[in-house]
Structures are given as C-alpha cells and as structure tokens.
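Participant: Attaching a single structure in structure tokens format; questions to follow.
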C-alpha cells in the first residue's frame, strides 16, 4: 500500500466518524424533543394549554357555584360532599357542620379564577348579614384541587 492510499483511507474514516457524530446529535435532539412533548401533556392526557385551562376554570367555577348554592340553601351536608377526599379524612361532617353556619349567607359572586396544573384559586365576594349590619360584603379566597378528573374544595379551618 502506498502512502496516498493510506492518506485517502484516513480522510474517509475521518469523514465517516464526523457523519456518525452528527447523526448521534440529531438523534439526541429528537429524543429531547419527544421528552419535552411528553412533559407538555397534562395529568389527564390532555394538553395543559389555554383550552385545557379554560376547561379547568369552567369546571371549578361550576363546582364552586354548586357548593355555594347548597350553603345558601342551608344544606351543609351537600356542601360537605364537595370537600376534597383529603379534607374529608381530616374534618368529619359533624365538625364541618359545627364550623359552618350558612344561615347569615345571602349571596356569592365569583370574581376571578386562576388555575395551575393541579390547583385553582378562586376569588369570591360573599354577601352576608351580621347581627349589627345587613348586606356585608367580604372577599373570600378558596383553593380547589383536581383529583381523579374532578375538582374538589380544600377546606381550611
């Protein structure tokens, strides 16, 4: 073998190694892109984009309004059913009934709902009657969580 053949073979091997490195990089970038796409899917398999966020806001708003409608009607037991499973493990129905006195509640208005991946924060205006004043309005904040595809109220004493 002469020197020119060996030198040509060296260039070919160098070219082959460079191509292999580029393919390896492209494959690594492809795997990273797929991994990031997998992170973009939510816990229920949907995309966590605006449409999913709108669905969460609508679901939480509906459930919160149902819970407050029950409280406004004096049905504490029905309102208790909206508590998250973890809240119900910590607070018994009897304790919840003792701590919740909806007799003075007049109305509720949802002001704002902001959702993250698994939680939503609600800002509400509660109108109630105090023994000295009627129609008192106060802001209330609530936390709701998503568990098993359902929104649940997180009760705090």
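The values are calculated or read from the model by the stated rules, or taken from the named source; none is laboratory data. Keep in mind that what you see is a predicted model, and the values were worked out from it rather than measured. Every residue, glycine among them, receives a Cβ derived from its backbone with ideal geometry; neighbour counts consider all protein chains shown.
Participant: Does residue 126 count as part of a strand (DSSP E or B), over 22 Å from the mean Cα position of the chain (by Cα) and modelled with pLDDT of 95 or more?
Facilitator: Judged against the criteria, residue 126 is a match.
Participant: Could you please tell me which pairs satisfy a Cβ distance under 8 Å, a separation of 6+ or placement on different chains, a first residue in the range 125-139 that is closer than 16 Å to residue 72 by Cα and not assigned by TED's automatic domain parsing to the domain that holds residue 107, and a second residue that is at pLDDT 95 or above and surrounded by 13 or more Cβ atoms within 10 Å (Cβ to Cβ)?
Facilitator: Close Cβ pairs satisfying both conditions: none exist.
Participant: Separate question: Criterion first (in a strand (DSSP E or B), in contact (Cβ under 8 Å) with a residue 60 or more places away in the chain and either closer than 17 Å to residue 67 by Cβ or touching a helix residue (DSSP H, G or I) at 6+ places or on another chain (Cβ under 6 Å) (or both)) does residue 144 satisfy it?
Facilitator: So residue 144 fits the description; yes.
Participant: Among the numbered criteria (1) modelled with pLDDT under 95; (2) within 20 Å of residue 156 (Cβ to Cβ); (3) out of contact with any helix residue (DSSP H, G or I) (no Cβ under 8 Å at 6 or more places or on another chain), which single criterion is violated by residue 138?
Facilitator: The number of the failed condition is (1).
Participant: Go through the range 100-109 and count every residue that is over 11 Å from residue 129 (Cβ atoms) and at pLDDT below 95.
Facilitator: Count: 3.
Participant: Moving to a separate point now. Any idea how many residues of the range 108-122 are without any contact (Cβ under 8 Å) to a residue 60 or more places away in the chain and over 23 Å from residue 73 (Cβ atoms)?
Facilitator: 5
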